[in-house]
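See below for the structure under consideration.
The values are calculated or read from the model by the stated rules, or taken from the named source; none is laboratory data. For clarity, every value in this text was computed on a predicted model and none was experimentally measured. Glycine also receives a Cβ, built like all others from the backbone with ideal geometry; neighbour counts cover every protein chain displayed.
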Amino acid sequence: MLAIKRFIRDKKGVSEAIGFLATILLLMLVILNIWPPVKYVLQELVIENVNRVTLMEMEEEGGFTTDIKNKAIERLTNFGFDESKIEVTSTTPKPIQWGNEINLTIRYVNDYKQYSFSNFALSQSQEDKTIEVTRSSVSREYFK
């Protein structure tokens, strides 16, 4: 115990090095834990935008089609989303008459990683969080 106290109080700067190392570890923990929430919010904004654009296409087409679904999935994969985790659904298939309600739901399962510091080691935990965006509008297409 006495040897450890001498090592920490050494006049050669060991205590400053230990303090610097502890500060670096805390900064790494903060930086690593800031990225997942920022990424989650950015992904949610992209999904909302794709949902809005796809819903406008549904308004023009008069309902939900497989072409519209494939375009939505393609848009999301262009932004770096994993295609196997994307789910695009609607309860209003084509044809929906002019003025009737249409809706669209896009779900994406996000890998949410968090880091913690315990026992002088950095440990990672991961959980799946689902981003779900639902919008509705009215059809702009008239079918005879």
*Run E44 past the list (1) in contact with a helix residue (DSSP H, G or I) (Cβ under 7 Å, 6 or more places away or on another chain); (2) part of a helix (DSSP H, G or I) and report the number of the one that doesn't hold.*
(1)
_For the list (1) surrounded by fewer than 17 Cβ atoms within 10 Å (Cβ to Cβ); (2) among the aliphatic types (A, V, I, L, M); (3) at pLDDT 95 or above, I need the number of the one condition that V88 fails._
(1)
*Among what's in segment 57-85 and is within 16 Å of V133 (Cα to Cα) and not hydrophobic (A, V, I, L, M, F, W, C), pick the residue that is surrounded by the fewest Cβ atoms within 10 Å (Cβ to Cβ).*
K85
*Please tell me if T77 is without any contact (Cβ under 8 Å) to a residue 40 or more places away in the chain and out of contact with any helix residue (DSSP H, G or I) (no Cβ under 7 Å at 6 or more places or on another chain).*
no
*Answer yes or no as to whether L29 is in contact (Cβ under 8 Å) with a residue 12 or more places away in the chain, within 21 Å of Y112 (Cα to Cα) and surrounded by 18 or more Cβ atoms within 10 Å (Cβ to Cβ).*
no
*Looking at (1) over 21 Å from N51 (Cα atoms); (2) within 17 Å of the chain's Cα centre (by Cα); (3) touching a residue at least 60 places away in the same chain (Cβ under 8 Å), can you tell me which one N110 breaks?*
(1)
